[in-house]
Amino acid sequence: MHVLLVEDERATARMLAKGLREHAHAVDVVHDGLSACQRLAESDYDIVVLDVMLPGRNGLDVCRQLRLAGKHVPVLMLTARDGTDARIDGLDSGADDYMTKPFDFRELLARIRALGRRRALPVAPERFAVGRLTLDARTRELFVDGAPMPLTAREFALLEYLAQRCGCVVNRREIARHVWDDSYDPLSNVIDVYVQRLRRKIDVPGRPSLIRARRGEGYQLLCEPAVTA
């Protein structure tokens, strides 16, 4: 998913962003409420992870403005404040979930997955098959014709995004938004490089590639049947 992380403590933001990216999420990071409002006005996100205590505008104000603008992106609020009143303030501002610092990072991942399942848009099951490929979104594992195939976090994120849209042409802008983050350089060939890496891992020698390049349009994952003995 494409995540906006709003956290003023830079060391905490770096740690959270690193962990989320290792689990194949694309993460944009801002450190104050005004920057968060600007990002949310300019871009669409799948999840917002929002700290309460922010410079400029606090997280409660950011969340209220987001809801007043008619945006329904799930918001997971983070705060060092404990107690019932603090949780009520967060939820009443429009947040969908609320976590108190410090927290276990595994719980953060679980809550993000839960918020993803609640969204109006369809969410792929945690384990699903596309032709010869089986992907496990929870463990980030790929099986090709039943055999495990190691992938990096970014390779898995790219393949997962294409697999969820099997047979459809996905343009570069969509791939960059959902698989990369604000560090993506639109002039680079990084998407092509990662597609080539995937081809080397999932294709059968001597047969057409499962990932078809459509000139001027993007990439398309073909849905081939599994190879049988």
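Between the C-alpha center of segment 54-85 and that of segment 28-50 there is a gap of 11 Å. Model label sites at Glu9 and Asp92, defined 7 Å from Cα along the beta-carbon direction, differ in position by 2.6 nm. Taken per residue, the accessible surface of segment 18-129 reaches 51 Å², heavy atoms only and a 1.4 Å probe. Ordering Ala129, Leu187, Asn58 by Cα displacement along the dipole of the chain toward the positive end leaves Ala129 in first place; charges were set at the Cβ atoms of Lys, Arg (+1) and Asp, Glu (-1).
Note down the relative contact order for the chain as a percent, whole number, built from C-alpha pairs under 8 angstrom at least six residues apart.
Relative contact order of the chain: 17 percent.
Measuring how big segment 1-64 is from its alpha-carbon positions, Rg and Dmax come out at 10.9, 30 Å. For Glu217 and Asp82, the FRET efficiency from 1/(1 + (r/R0)^6), where r spans their Cβ atoms and R0 equals 45 Å, is about 0.30. Residues whose amide H lies under 5 Å from that of Cys223, counting only those 5 or more places away or on a different chain, are Gly167; hydrogens are built 1.01 Å from N in the peptide plane.
All C-alpha pair distances within segment 1-147, sorted into 5 Å bins from zero, spread as 2, 9, 19, 22, 19, 12, 7, 5, 3, 2, 0 percent across the bins.
Net charge dipole, segment 60-119: roughly 380 debye, given to the nearest 20, about the Cα centre with Cβ charges of +1 for Lys and Arg and -1 for Asp and Glu. Think of the chain as having a plus end and a minus end, set by charges on the Cβ of Lys, Arg, Asp and Glu; of Gly167, Leu108, Leu151, Gly167 sits farthest toward the positive end of this dipole.
How big is the dipole moment of the chain about its Cα centre under a simple scheme where the beta carbon of each Lys and Arg is +1, that of each Asp and Glu is -1, and everything else is neutral? Debye, nearest 20, please.
Values: 35 positive and 33 negative charges, 173 e Å.
The calculation lands at about 840 debye.
What value, in deg cm²/dmol to 500, does the helix sum -39500 (n - 2.57) over DSSP H runs of n ≥ 4 give at 222 nm once divided by the residues of the chain? When only DSSP H runs of four or more count, the value is -11500 deg cm²/dmol.
Dipole magnitude for segment 1-61: computed about the Cα centre from +1 point charges on Lys and Arg Cβ and -1 point charges on Asp and Glu Cβ, it is near 180 debye. Residue separation of Arg173 and Gln38 scaled by 0.36 nm, minus their Cα-Cα distance, works out to 46.6 nm of gained length.
The values are calculated or read from the model by the stated rules, or taken from the named source; none is laboratory data. This is a predicted model, so every value here is computed, not measured. For neighbour counting, all protein chains shown are included, and Cβ atoms are generated from backbone atoms with ideal geometry for every residue, glycine included. Only protein heavy atoms, including side chains, enter the accessible area calculation; ligands, DNA and RNA are left aside. Shrake-Rupley method; radii C 1.70, N 1.55, O 1.52, S 1.80 Å.
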